[in-house]
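The values are calculated or read from the model by the stated rules, or taken from the named source; none is laboratory data. The structure presented is a predicted model; accordingly, all values stated were derived computationally and were not measured. Positions of Cβ are backbone-derived with ideal geometry, glycine not excepted, and every protein chain shown enters the neighbour counts. What goes into the accessible areas is simple: the full protein's heavy atoms, side chains included, and nothing from ligands, DNA or RNA. Shrake-Rupley method; radii C 1.70, N 1.55, O 1.52, S 1.80 Å.
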Amino acid sequence: VRDNFISDRFALLDCYPNPATEATTIGFRINSTSLVKVNLLDANGRILKNVLDEEMDPGNHYIKVALADLPEGMYLYQIRSGFLKETKKLVITR
């Protein structure tokens with residue numbers, strides 16, 4: 001069994017740019033059709049923005065997220081899809 005069996009099939013990718021100013025692009029990979037939820041959270045884990053909440057087909061997906069309405073600081077972005085739940089950091093600068 002390969003160590004990266006899961007990450008080859010389901011993954012939250014690094015957003016770019018990061019740090020970001022006005023917008024960032026969040027990417028993820030799934031290998032089966034499933035409900036995907038992507039949220040932008042504050043540093044305390046509170047949901048600030050629901051970025052995506054829909055059924056997606058298998059493959060790599062990229063979502064552009066507007067950030068102009070948020071102050072600079074450290075944020076989290078999180079994906080939930082089936083058994084996948086992963087969170088990564090995003091920094092907003094001005």
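Summary table below
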read-out: Matching residues in segment 8-22 - criterion: being touching a Ser or Thr at 6+ places or on another chain (Cβ under 6 Å) and open to solvent by less than 30 Å² (accessible area, probe 1.4 Å); value: CYS15
read-out: 1 or more residues out of contact with any Leu (no Cβ under 7 Å at 6 or more places or on another chain), of a type in the set (Phe, Trp, Tyr) and free of Cβ contacts under 8 Å to residues at least 60 places away in the same chain: qualifying strands (runs of 3 or more DSSP E) within the chain; value: 59-66
read-out: Condition met for SER34 (modelled with pLDDT under 95, open to solvent by less than 40 Å² (accessible area, probe 1.4 Å) and under 15 Å from the mean Cα position of the chain (by Cα)); value: no
read-out: LEU90, sole failed condition from (1) more than 12 Å from the chain's Cα centre (by Cα); (2) crowded, with 17+ Cβ neighbours inside 10 Å; value: (1)
